[in-house]
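Worksheet: one structure, shown below.
The values are calculated or read from the model by the stated rules, or taken from the named source; none is laboratory data. What you see is a predicted model; the values in this text were computed from it and never measured. Note: ideal-geometry Cβ built from the backbone for every residue, glycine included; neighbour counts use all protein chains shown. For the accessible areas, the whole protein counts, side chains as well, though only heavy atoms, and no ligand, DNA or RNA atoms are used. Shrake-Rupley method; radii C 1.70, N 1.55, O 1.52, S 1.80 Å.
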Amino acid sequence: MTEAEQAGRPTEPTGPTGATATAGGKSGAGGRRRIAVLLAVAAFAYLLDLGSKLLVVAQLEHHDPIQVIGTWLQFEVIRNRGAAFGIGEAMTIVFTVIATAVIVAIARIARKLYSLPWAIALGLLLGGAFGNLTDRLFRSPGGFEGGVVDFIAPAHFAVFNLADSAIVCGGFLIVILSFRGLDPDGTVHKD
């Protein structure tokens, strides 16, 4: 029995050579804390997106665009029934199914989540997916075909919203974590 086990402290799993197999211990409390972080980040991203959409629809829809930085960045409300750049407007139900699948996948991954960076990344994806899914379900014409409210309009780029930003940031973070060899369960691969 090790000194840590005698003191009642959790120990980290080790590999055959005695090297630490994970970036952090896999205690039940650690996993629950990571899920709490995931849910807190998701709620923050979702509420920020929802609040911004309610504000811009109430204040800006059917008005001229507001110039934030000249013509380089404007706030202009559009209803997007497609994906980025308005692609696939006839496939709104497909995008709704994809968003639902992302939410289900995140729920499955969360059961084995022991990595704080992954909790943040997945929380951003979850909040963003829920934000755009809310629009698809409840905005006109409704029933899985609603138009997503986009309002951030940089020059020479697609108009987007804060849910889109959360999804992109979460996806970018996942790419970085994957390149660094960190898995959602906390395992670090040194390939």
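Structural remarks
- Among the residues of the stretch 126-160, those identified as free of Cβ contacts under 8 Å to residues at least 40 places away in the same chain and over 23 Å from Ile93 (Cα atoms) are His156, Phe157.
- Here Phe144, Phe151 are screened, and the one residue that is in a loop (DSSP other than H, G, I, E, B), surrounded by 15 or more Cβ atoms within 10 Å (Cβ to Cβ), over 18 Å from the mean Cα position of the chain (by Cα) and among the aromatic types (Phe, Trp, Tyr) is Phe144.
- Test: residue in the stretch 161-174 that is touching a residue at least 60 places away in the same chain (Cβ under 8 Å), open to solvent by less than 50 Å² (accessible area, probe 1.4 Å), of a type in the set (D, E, K, R) and part of a helix (DSSP H, G or I): yes
- Exactly one residue among Ile109, Ile98 is touching a residue at least 40 places away in the same chain (Cβ under 8 Å) and open to solvent by 60 Å² or more (accessible area, probe 1.4 Å), and that residue is Ile109.
- Checked against the criterion of being more than 16 Å from the chain's Cα centre (by Cα), over 22 Å from Leu60 (Cβ atoms), surrounded by 13 or more Cβ atoms within 10 Å (Cβ to Cβ) and touching a residue at least 60 places away in the same chain (Cβ under 8 Å), the candidates Gly123, Gly186 yield just one match: Gly186.
- Residue in the stretch 52-70 that is surrounded by 14 or more Cβ atoms within 10 Å (Cβ to Cβ), among the hydroxyl-bearing types (Ser, Thr, Tyr) and modelled with pLDDT of 95 or more present: yes
- One residue stands out among those in the stretch 85-122 that are of a type in the set (Ser, Thr, Tyr) and over 17 Å from Gly30 (Cα atoms): the one that is modelled with the lowest pLDDT, which is Thr92.
Table: residues versus (1) within 25 Å of Phe179 (Cβ to Cβ); (2) in a strand (DSSP E or B).
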| site | (1), (2) |
| --- | --- |
| Leu38 | yes, no |
| Gln59 | no, no |
| Val68 | no, yes |
| Lys112 | yes, no |
| Leu125 | yes, no |
